[in-house]
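Colleague: I am attaching a structure below and will ask some questions about it afterwards.
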Amino acid sequence: QVQLVESGGGLVQPGGSLRLSCEASGSRFSIYTMGWYRQAPGKQRDMVARATSYGSTNYAPSVKGRFTISRDNAKNTGYLQMNSLKPEDTAVYYCNLDSGIYSYWGQGTQVTVSS
């Protein structure tokens, strides 16, 4: 059973930066596509960024150029570097590992962008 633990969320002012981490245990992290998703109150959960096992990445248009997804397979950990944060980035951010057959989610970490 794969377990994911996110960390790094918090309160930040507009224009600030945060780095989220997602530590995985229980399976071979390197074989999964890793993704970051977010869900604001009253809205659906949306994809923010994804990184495949072979290094391909893609981003939601709203974060492209501001956010960077990365992964350290040796540490079973993924990251989301978020720069130039905006109030509309406020949401609970979730880490996901997906093999195409199985999909695992973390518990989420709150990111609040406010002055």
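Colleague: Where the accessible area of the chain is counted over protein heavy atoms with a 1.4 Å probe, how much of it, in %, is carbon and sulfur?
Modeller: 46 percent
Colleague: So what are the ³J(HN,Hα) numbers for the stretch 31-36, from phi and the Karplus equation (6.51, -1.76, 1.60; θ = phi - 60°), rounded to whole Hz, Gly and Pro as x?
Modeller: For the stretch 31-36, the Karplus curve yields 8, 9, 6, 9, x, 10 Hz.
Colleague: Straight-line reach from residue 86: which lysines have a Cα under 16 Å away, not including same-chain ones fewer than 8 places off?
Modeller: By straight Cα distance, residue 86 reaches 64.
Colleague: Write out the chymotrypsin sites (Phe, Trp or Tyr not before Pro) in the stretch 83-114 meeting two conditions: DSSP loop, and at most 13 other Cβ atoms within 10 Å of their Cβ.
Modeller: Passing both the DSSP loop test and the Cβ count: 102.
Colleague: Dividing the Cα radius of gyration by the Kirkwood radius, what Rg/Rh value follows for the chain? Intermediate values should be presented prior to the final figure.
Modeller: On the way: Rg = 13.3 Å, Rh = 14.0 Å.
With Rh from the inverse mean 1/r over Cα pairs, Rg/Rh is 0.95.
Colleague: With θ taken as phi - 60° and the coefficients 6.51, -1.76 and 1.60, list the Karplus ³J(HN,Hα) couplings across the stretch 64-81 in order, rounded to whole Hz; mark glycine and proline as x.
Modeller: Working through the residues one at a time gives 4, x, 10, 10, 9, 9, 8, 8, 10, 5, 5, 9, 6, 9, x, 9, 9, 8 Hz.
Colleague: Right, another one. Can you work out the accessible area per residue across the stretch 28-98, with the rest of the protein chains kept in place, probe 1.4 Å, in square angstrom? Spell out each step's value before the answer.
Modeller: Values: 3560 Å² over 71 residues.
Solvent-accessible surface per residue comes out at 50 Å².
Colleague: Shifting gears a bit: Which of the trypsin sites (Lys or Arg not before Pro) found in the stretch 1-63 are in a DSSP loop and have at most 11 neighbouring Cβ atoms, other than their own, within 10 Å?
Modeller: 43
Colleague: Filter the chymotrypsin sites (Phe, Trp or Tyr not before Pro) in the stretch 40-76 to those in DSSP coil with at most 14 other Cβ atoms within 10 Å of their Cβ, and list the result.
Modeller: 54
The values are calculated or read from the model by the stated rules, or taken from the named source; none is laboratory data. All values reported here derive from a predicted model rather than from experimental measurement. Counting neighbours? That spans all protein chains shown, and the Cβs are built from the backbone with ideal geometry, glycine included. Keep in mind that these areas ignore ligands, DNA and RNA; they rest on the heavy atoms of the full protein, side chains included. Shrake-Rupley method; radii C 1.70, N 1.55, O 1.52, S 1.80 Å.
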